[in-house]
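Okay, so here's the structure we're looking at.
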Amino acid sequence: MGGLIGRGILLLPAVLAAAAQDPAPVIVHARTPEGRVALLRLQFKKGLSVEGKALPRAFLAKGADLSGWVAFEALSPAGKRWALAALFPEDQWRREEVRHRIAHPDVESVWTLAALFTGHGQNYDKLMAENPELPEKLREGDTWRIPRSLLSGDLGGTGLRPDRSQPEDDLDDEARVAAYRGLLSFGEDAQGKFAAYRMRKGEALYSSVVIRFTDRVDPKGVNELAERIARRNGIADMRGIQPGQLIKIPTAYLADPFQAEGSSELAEEREIRAEVRRTVRVEAGPRLKGVRIVLDAGHGGVDPGAQANGLWESDFVYDITMRVRRLLEQETEAQVSSTIRYPGLGFKSRESIRTPSRAADILTSPPFAVDGESPSAVSVHLRWVLANDHFAAFRKAKGDAQKTLFLSFHADSLHPSARGSMIYVPGAALVPSTFALGGAKTRRVAEAKRSGRVAFTTREKLQGEARSRQFSEALLKALHKDRIPIHANRPIRNVIHRGRGKWVPAVIRYSTGATKALIEVANLTNEDDAENLRDPEFRERYAVAVVNAIRAYYRR
Ligand SMILES: [Zn+2]
């Protein structure tokens, strides 16, 4: 925020007549851009006002009166910036934050600072959370940090919305992550570095801290981490956590977008976001002409996948996948293939799913039965191998490499508090530069011989994540439009973090599709989600939303 009036300011604190016990107001003479001198007055508890007659019209909000003292709130954004610069000439206005030096500790207060800089005094607790090491009683020379996320819109900040339980809900992924980040403040104490989060109304440690700010979503991981964070904060009973309570999250647990300024993780996150913005969308038209799509339904055969609430993953996601397949075939010109087929059903969808299907073939040549004869990892690997082989043939036939899409459908069993869809994209940092599939079991598969090895340049990894994120945003939009539940906290993720391991699911990690995503359609552990998945009408709606998303994605 450059270009402020920094020169020609006379700083003359003066004592005027004041109530006996109130500290004297601070009076400052400041020069307007026109060279006129205007008085600024900062009063204890009453805030800042400016002598109106010397002010240019541009410094006043619409309809404000120039006569007498003009309250700070009645100034225009330009007037506010000028007044603050004049009153606090030692403040540093940086891109990420304002560093405010306490100059008049008798008259200033955290409330006044919140009113001046964030737009409302009631934000004083947020301001304190941002400066955990500073005492509430202001001391001359203390430097208070006011991050951009707290700064009022008039002062170039992202601005605060009125308190709602989750004001970020309507934002797209990037803005939502930025909003979450804005709720954190960073610090260090005897137990090490942390990001502090102030709990809001209706929030719980599991969902609003662990699931949102770390990469843990599995029940065991979430519970363990919630307990560890509770201990770190001296909380004996997690149910007793009050709104407004400050929770310190050790930085080691934070997901990349929430790492401290200057960290390599945050730098990588920003690089990806920049890549997403740079990446020009691929145009294919509503009929998806020239688009090559490979659909994968997770698990199957001897592997039913996740199980909870009387449901099992395999048949239900197979059903959704078959519905997507049918819609694409009926309504578009996209070229569609599947990686897996249940021989008892073919590519058909079903109204009612009663028992787990026992047989499933990966459609390689020859087909590979998912019958437990080989480790299930083999079946997983053969899916990307098969998909990559389709993509290679498509490119060889002069197909546009940018118009290749791989989608893998799953349902997970997360912490029961989580519900709705979550989408995994291949985090660029966790995609290897080369990988070759080995093993006797795969050697007899023709596709493995042709397409069993992959190599990705740094550029390709970055582009892969960027395009997949763009698709995921389109999918979330389509799901949201049809009121299909979406995971409340960061529904797009680029890593699975369990125990000590961090990885990207193999089917998307090795996919050479330009765009790839693993879609967790629902959380089986959540009863409402399970109820949805049991309903054929929901599965159809879901499939329609996926096809709508694909259409939206291939339109610039
Ligand atoms: Zn799965």
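Under a Cβ-Cβ cut-off of 13 Å, what is the net charge of the residues other than SER185 that fall near it, where Lys and Arg count +1 and Asp and Glu count -1?
Summing Lys and Arg as +1 and Asp and Glu as -1 gives -1.
The chain gives an Rg/Rh value of 1.08, both radii derived from C-alpha positions and Rh following Kirkwood. The C-alpha radius of gyration of segment 298-366, expressed as a fraction of 2.2 N^0.38 Å, stands at 1.14.
Here segment 41-84 is scanned for amide nitrogen atoms under 16 Å from the site 7 Å beyond the Cα of ASP142 along Cα-to-Cβ, giving 45. Could you state the angle between the C-alpha long axis of helix 313-331 and the longest principal axis of the C-alpha atoms of the chain, as a value from 0 to 90 degrees rounded to the nearest 10? Orientation of helix 313-331: about 90 degrees from the principal axis. Rounded to whole Å, the principal axis extents of the Cα atoms in segment 406-510 read 45, 29, 29, largest first. The portion of the accessible surface of segment 167-271 made up by carbon and sulfur, rounded to a whole percent, is 48 (1.4 Å probe; DNA, RNA and ligands excluded).
Could you please state, rounded to a whole Å, how far the C-alpha centre of segment 190-251 is from the C-alpha centre of segment 445-473? The two parts, judged by their Cα centres, are 35 Å apart.
Counting only protein heavy atoms and a 1.4 Å probe, tell me what percentage of segment 36-98's accessible area is made up of carbon and sulfur.
52
The local environment of LEU66, defined by Cβ-Cβ distances under 9 Å, has a net charge of +1 under the rule Lys, Arg +1 and Asp, Glu -1.
The lysines within cross-link reach of LYS516, meaning a Cα-to-Cα straight distance under 25 Å and a gap of 8 or more places when in the same chain, are LYS289, LYS348, LYS396, LYS398, LYS403, LYS449, LYS461, LYS477, LYS481, LYS502. Legend: P(r) of segment 195-235 from all alpha carbon pair distances, 5 Å bins from 0, whole percents, reading 6, 25, 35, 25, 9, 0. Of the residues ILE353, ILE362, the one with the largest accessible area comes first in the ranking ILE353, ILE362, computed with a 1.4 Å probe on protein heavy atoms. Packing-based ranking of 261-268, 46-53 yields 46-53, 261-268, ordered from highest to lowest mean Cβ neighbour count within 10 Å.
At a Förster radius of 45 Å, what calculated FRET efficiency corresponds to the Cβ-Cβ distance of ARG534 and LEU66, to the nearest 0.05?
It comes out at approximately 0.10.
Rounded to the nearest 10 degrees, the angle from helix 219-232 to the longest Cα principal axis of the chain is 20 degrees. Rounded to a whole number, what % of the accessible area of segment 279-553 do carbon and sulfur atoms account for, probe 1.4 Å? Here it works out to 51 percent. Among beta bridges from DSSP that stay inside the chain, the antiparallel ones total about 70%. With helices as the sole contributors, the chain gives -9000 deg cm²/dmol at 222 nm; each DSSP H run of n ≥ 4 counts as -39500 (n - 2.57), and the sum is divided by every residue.
Site pair GLN191 and ASN223 shows an inter-label distance of 2.1 nm when each label is modelled 7 Å from Cα along Cα→Cβ. Each of GLU90 and GLN242 was given a label point 7 Å from its Cα along the Cα-to-Cβ line. The distance between the two points is 3.5 nm.
Using a probe of 1.4 angstrom and keeping all protein chains present, the accessible surface of the chain works out to 45 square angstrom per residue. Computed from the C-beta positions of LYS348 and ALA401 and an R0 of 45 Å, the FRET efficiency is 0.90 to the nearest 0.05. For the peptides 543-556, 317-330, the ranking by packing is 317-330, 543-556, with the highest mean count of neighbouring Cβ atoms within 10 Å listed first. In terms of Cα atoms, the Rg and Dmax of segment 279-553 work out to 17.2, 47 Å.
Taking amide H as placed 1.01 Å from N in the peptide plane, ALA255 has its amide H under 5 Å from the amide H of THR214, ASP215, each at least 5 places away in sequence or on another chain.
Once backbone amide H atoms are built at 1.01 Å from N, ILE486 has SER421 as its partners under 5 Å, excluding neighbours fewer than 5 places away on the same chain.
The values are calculated or read from the model by the stated rules, or taken from the named source; none is laboratory data. Since this is a predicted model, take the numbers as computed values, not measurements. All Cβ positions, even for glycine, are placed from backbone atoms using ideal geometry, and neighbour counts span all protein chains on display. The accessibility values were calculated without ligands, DNA or RNA, using every heavy atom of the protein model including side chains. Shrake-Rupley method; radii C 1.70, N 1.55, O 1.52, S 1.80 Å.
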